[in-house]
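Q: Before we start, here is the structure in question, set down as structure tokens.
The values are calculated or read from the model by the stated rules, or taken from the named source; none is laboratory data. As the structure is a computational prediction, the values presented were derived from the model and not from experiment. Here the Cβ positions follow ideal geometry from the backbone for every residue, glycine too, while neighbour counts run over all protein chains shown. All accessible areas refer to the heavy atoms of the entire protein, side chains included, with ligands and DNA or RNA removed. Shrake-Rupley method; radii C 1.70, N 1.55, O 1.52, S 1.80 Å.
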Amino acid sequence: MDPLKLAVFASGRGSNFLAILDAIDAGRLSAEVEVVISNNPQAGALDIARERSIPAVVINKKMFAQREAFVQSMLATLKKHEVTLVVLAGYMKKIPPEIILQYKNRVLNIHPALLPSFGGKGMYGHHVHEAVLAQGCRISGVTVHLVDEVYDRGPIVAQRCVSVEEGDTPGTLAARVLKTEHQIYAETLQLFAEGRVEVKEGKVGIKRK
Ligand code: GAR
């Protein structure tokens, strides 16, 4: 089976992106990162890409007079790099519906909680962990899901629990959750590489080896 051709979308430091690169280097993930796209010119993920000579592209709405041109630029970038799977790794913007349509069941996101709890608008980064602690949850976790038109609501591909410990702050919980993110994302991408992910009637099934 051919390696996946990934586009990684990231807005921030890019630790999930780095974990994906590490998994590729270690032979645990059959993929190549063809391009990194960010809305944020300062994103650490862009620096990581440049250090590895991976094309790093800034695309954000503000750069374009028309929304259409913004969407076309994103689509053209994905086409140019012959991307087969779009991987959101700490991307803090909504993906245009045109991209979701073109890459149906081929856009993945990682969320630092157990969806459908603690998802939706405003639920990103530390806000998620603050809300989990405010609720007194004993368990949080990680969700990898396919992206559809509704924010944080696409079909779930993988989930893993992470315990909430006595005395946790949003920072300590985030750090524990992040470790699990770094494992589960590459593992889930490998399921796609092996052609084992099926989507039927809005639900994901994983074929046995
Ligand atoms: C990760 O914890 C990711 O789950 C979260 O942003 C962080 C990015 O970290 N994403 C969301 O909250 C999306 N709703 P990273 O830049 O180090 O990968």
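Q: Please name all residue pairs, on different chains or six or more residues apart, with Cβ atoms under 8 Å, provided the first residue is in region 13-30 and is within 14 Å of the ligand (Cβ to nearest atom) and the second residue is of a type in the set (S, T, Y) and assigned to a helix (DSSP H, G or I).
A: Note: pairs meeting the criteria are N16/Y185; A19/Y185; I20/Y185.
Q: How many residues are farther than 18 Å from Y185 by Cβ and open to solvent by 20 Å² or more (accessible area, probe 1.4 Å) when one looks only at region 132-154?
A: Looking only at that region, the number is 12.
Q: Further question on the same structure: Taking S73 as meeting all but one of (1) of a type in the set (S, T, Y); (2) away from the ligand (no atom under 16 Å from the Cβ); (3) under 21 Å from G120 (Cα atoms), write down the number of the exception.
A: So S73 meets the others, but not (3).
Q: Cβ contacts < 6 Å: first residue within 21 Å of L189 (Cα to Cα) and touching a residue at least 60 places away in the same chain (Cβ under 8 Å), restricted to region 70-99; second residue of a type in the set (D, E) and open to solvent by 10 Å² or more (accessible area, probe 1.4 Å), any location; separation 6+ or different chain. Result?
A: Sorted first by the residue in region 70-99, then by its partner, the pairs are H81/E34; V83/E34.
Q: Let me ask something else about it. Pull out all pairs, ordered by first then second residue, where Cβ-Cβ is under 9 Å, the residues are six or more apart or on different chains, the first lies in region 107-121 and is at pLDDT below 95, and the second is within 10 Å of the ligand (Cβ to nearest atom) and assigned to a loop (DSSP other than H, G, I, E, B).
A: G120/Y151; G120/D152; K121/Y151; K121/D152
Q: When you go through L75, L115 one by one, which is the residue that is over 16 Å from the mean Cα position of the chain (by Cα) and open to solvent by less than 20 Å² (accessible area, probe 1.4 Å)?
A: Result of the check over L75, L115: L75.
Q: A follow-up question, please. Being open to solvent by less than 10 Å² (accessible area, probe 1.4 Å) and of a type in the set (A, V, I, L, M) narrows it down to one of I20, I54, so name that one.
A: Checking each option against the conditions leaves just I20.
Q: Quick check, is V150 more than 22 Å from F17 (Cβ to Cβ) and at pLDDT below 95?
A: It is true that V150 is more than 22 Å from F17 (Cβ to Cβ) and at pLDDT below 95.
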